[in-house]
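Asker: Below you'll find the structure I mean.
The values are calculated or read from the model by the stated rules, or taken from the named source; none is laboratory data. Note that the structure is a prediction, hence the values are computed from the model and not measured. We place every Cβ from the backbone using ideal geometry, glycine too, and count neighbours over all the protein chains shown. Each accessible area value is taken on the protein alone, full model and side chains, heavy atoms only, with ligands, DNA and RNA left out. Shrake-Rupley method; radii C 1.70, N 1.55, O 1.52, S 1.80 Å.
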Amino acid sequence: EDPASPIAGNAKDFDVTLVQFFDYHCGYCKRLLPTIQELLKTDAKLRIVFKEFPILSEDSELASKAAIAVFRLMPEKYFEFHSALMNAKGKFTEKDLVAAARKVGVNENKFREELKNPAIAEELKKNHSLGEALGVRGTPAMVIGNEFIPGAASLDDLQEKKKKQRGGAAP
């Protein structure tokens, strides 16, 4: 229910929430993106909450800060930006992140200014505290209902867990 957390899917009329902790350099997180996209495309009652959880490198943290900045400026562009970063290869530089933000329609000057906002670092600290409390030891990690899912799960596994949350009913 944290309004500072980016979401995709149905923000108002959802019956299942999937929370995903991830790092933009995590290979398993990158491979999970098509599954997340498929879930969003096929389930009108699903809400996905994204928890930026950079643990692999300093530029992972920079990428997460950039994604949060995009969310704070243009929430509707977050998932497009997130997907672009998940599909990117190599290190993230501020120059690359500015270009990616500009490509999704974010004003470059506002983006550069927002990147400096101390509230973004606080958001990352909150995510890490929550992750630690839940037992997140690596990425990806997900939560559906009260069920913690460490590591990458298949589309079938996630469909089954959603169905279980719905009391056995399909979406």
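Asker: Restricting to segment 137-171, count the residues that are touching a residue at least 60 places away in the same chain (Cβ under 8 Å), open to solvent by less than 50 Å² (accessible area, probe 1.4 Å) and out of contact with any Cys (no Cβ under 9 Å at 6 or more places or on another chain).
Answerer: The qualifying residues number 10.
Asker: Pick from segment 88-132 the residues that are among the polar types (S, T, N, Q) and assigned to a helix (DSSP H, G or I): which of them is farthest from residue 66 (Cα to Cα)?
Answerer: 129
Asker: Here's another thing I want to ask about it. Quick check on segment 76-106: of everything there that is free of Cβ contacts under 8 Å to residues at least 24 places away in the same chain and of a type in the set (Gly, Ala, Ser), which residue is farthest from residue 52 (Cα to Cα)?
Answerer: 99
Asker: Could you tell me whether segment 59-69 includes any residue that is polar (S, T, N, Q) and either closer than 17 Å to residue 10 by Cα or more than 16 Å from the chain's Cα centre (by Cα) (or both)?
Answerer: Checking segment 59-69: not a single residue is polar (S, T, N, Q) and either closer than 17 Å to residue 10 by Cα or more than 16 Å from the chain's Cα centre (by Cα) (or both).
Asker: To continue, here is another question. Run down 50, 22, 92, 81 and say which single residue is over 26 Å from residue 146 (Cα atoms), open to solvent by less than 10 Å² (accessible area, probe 1.4 Å) and of a type outside the set (A, V, I, L, M).
Answerer: None of the others qualify; the one that does is 81.
Asker: So, one more: Filter segment 114-136 for residues that are open to solvent by 20 Å² or more (accessible area, probe 1.4 Å) and of a type in the set (D, E, K, R); which is farthest from residue 101 (Cα to Cα)?
Answerer: So, considering only residues that are open to solvent by 20 Å² or more (accessible area, probe 1.4 Å) and of a type in the set (D, E, K, R), the one farthest from residue 101 (Cα to Cα) is 132.
Asker: Hey, another quick one. Suppose we filter 46, 18 for residues that are touching a residue at least 60 places away in the same chain (Cβ under 8 Å), touching a Leu at 6+ places or on another chain (Cβ under 7 Å) and farther than 15 Å from residue 140 by Cβ; which single one remains? Please lay out each step first, then the result.
Answerer: Working: 18 fails: farther than 15 Å from residue 140 by Cβ.
It is 46.
Asker: If you don't mind, another one. Would you confirm, using the coordinates I've provided, whether residue 131 is under 15 Å from the mean Cα position of the chain (by Cα), in contact (Cβ under 8 Å) with a residue 60 or more places away in the chain and at positive phi? So that I can check it myself, show each step before the final result.
Answerer: Working: under 15 Å from the mean Cα position of the chain (by Cα): yes; in contact (Cβ under 8 Å) with a residue 60 or more places away in the chain: yes; at positive phi: no.
Answer is no for this residue.
Asker: Sticking with this structure for a sec: Just for segment 34-87: of the residues that are part of a loop (DSSP other than H, G, I, E, B) and not hydroxyl-bearing (Ser, Thr, Tyr), which one is nearest to residue 19 (Cα to Cα)?
Answerer: Out of the qualifying residues, it is 53.
Asker: Any idea which of (1) under 20 Å from residue 121 (Cα atoms); (2) surrounded by 19 or more Cβ atoms within 10 Å (Cβ to Cβ) is the one residue 36 doesn't satisfy?
Answerer: Going through the list (1) under 20 Å from residue 121 (Cα atoms); (2) surrounded by 19 or more Cβ atoms within 10 Å (Cβ to Cβ), residue 36 breaks only (1).
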